[in-house]
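Every number in this text was worked out from the coordinates using simple rules, so none of it is lab data. Owing to the predicted nature of the structure, the values given are computational and were not obtained by experimental measurement. A quick note on method: Cβ atoms are made from the backbone with ideal geometry, for glycine too, and the neighbour counts reach across all protein chains shown.
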Amino acid sequence: MLNHLNLHRTLWGLSGALTVVAAGTALWNPGIYDRIVSQELIPGAFSQDLLSLVAALGLLYLASSTRPERVKHQILALGLLGYLFYAYGIYVIERAYNGLYLVYLAIFTTVFWALVSAGAHLRLDQPTPALPRTLRLVSASGAILQPLIFYPLWIGMLLPLMRTGEQIDSLYSIFILDLCFVMPAFLILSLLTFRNHRTGLLLLPALYALGFTLIFSLAVGERVKPIFNMPLSPEALWPALGLSLLFLVLGVLHLTNLRLTNTATQTSRLIPRQSAE
């Protein structure tokens, strides 16, 4: 799927190693968020670092094990990169000026250019993806549901701020990352999948991996609140669990049922048969 795979594996490994340093340090010393993160957001920071560490270890494994023929590994790696772009985009945009901020910048930069390089090196000829029609429509519908929900929701929250000129102190990065990057990606890839376009078929599972990891971290953040002497909110926990489960199911179904055919291999197999005839 990707040309120059060794370059991409190097970027995956570098992104994973930097994230292990950042997330591991924060989990070891949560006090690093003192004075820069409000107390009610500490459980969310903890859960995000926990999921980021898992994603980083996954990237390190994929960097060491992925081969050109392992296309689904490459798709999963792009999903994990997307999650790290979002997670550390939050820290960079929200100005989390602690001792790790330069590492956050390094992760955000490396992941961004890894994704740009993947787009530039995406092969347009091989492999040829195929997905059963019913599952393709279900997967595309699940993807287009996200912008249909979150565009009105986030814009509805922004309009009062635009009327008053009020500047909120935290979580404004969510508006930027969702409205400018994630929701357009869901919209574009869902439409391409509806049309049975190879780019949508190949890349939509990566978005599901991003979505699952991101939303599941919100569920974990709710679940660990009692550790930080805060009450658990079922109203926030169950929707996050439900949406993360939706992403997980759609992503697994799409990826496991995705058939990948190498046209060149098919042609080489037909030539001897035609010659014999």
Whole-Hz ³J(HN,Hα) for each residue in segment 113-130, computed from phi via Karplus 6.51 cos²θ - 1.76 cosθ + 1.60 with θ = phi - 60°, x for glycine and proline: what do you get?
6, 5, 5, 4, 5, 4, x, 6, 9, 5, 6, 9, 10, 9, x, 9, x, 8
Using each residue's phi in segment 210-221, evaluate 6.51 cos²θ - 1.76 cosθ + 1.60 at θ = phi - 60° and report the 3J(HN,Hα) Karplus result to the nearest Hz, with x for Gly and Pro.
4, x, 4, 4, 5, 6, 5, 5, 5, 5, 5, x
What is the P(r) of segment 51-150, as percent of Cα-Cα pairs per 5 Å bin from 0?
2, 10, 16, 18, 19, 17, 10, 5, 2, 1, 0
Could you tell me the distance between the Cα centroids of segment 210-264 and segment 83-144, to the nearest Å?
16
Work out the length of the dipole vector of segment 5-261 about its Cα centre, built from +1 on the beta-carbon of each Lys and Arg and -1 on the beta-carbon of each Asp and Glu, and round it to the nearest 20 debye.
960
Can you tell me the length gained on complete extension of the stretch Thr10 to Arg259, counting 0.36 nm per residue apart and subtracting the Cα distance?
86.9 nm
Among Ala185, Leu7, Tyr33, which residue has its Cα furthest toward the positive end of the charge dipole of segment 5-261, with +1 on Lys/Arg Cβ and -1 on Asp/Glu Cβ?
Leu7
Karplus couplings for segment 234-242 from phi (6.51 cos²θ - 1.76 cosθ + 1.60, θ = phi - 60°), rounded to Hz, Gly and Pro as x?
x, 5, 8, 5, 5, x, 5, 5, x
List the residues, sorted by chain then number, that are 5 or more residues from Thr128 or on another chain and whose placed amide H is less than 5 Å from its amide H.
Thr261, Asn262, Thr263
Nearest 10 degrees, 0 to 90: helix 5-28 Cα axis against the chain principal axis
20
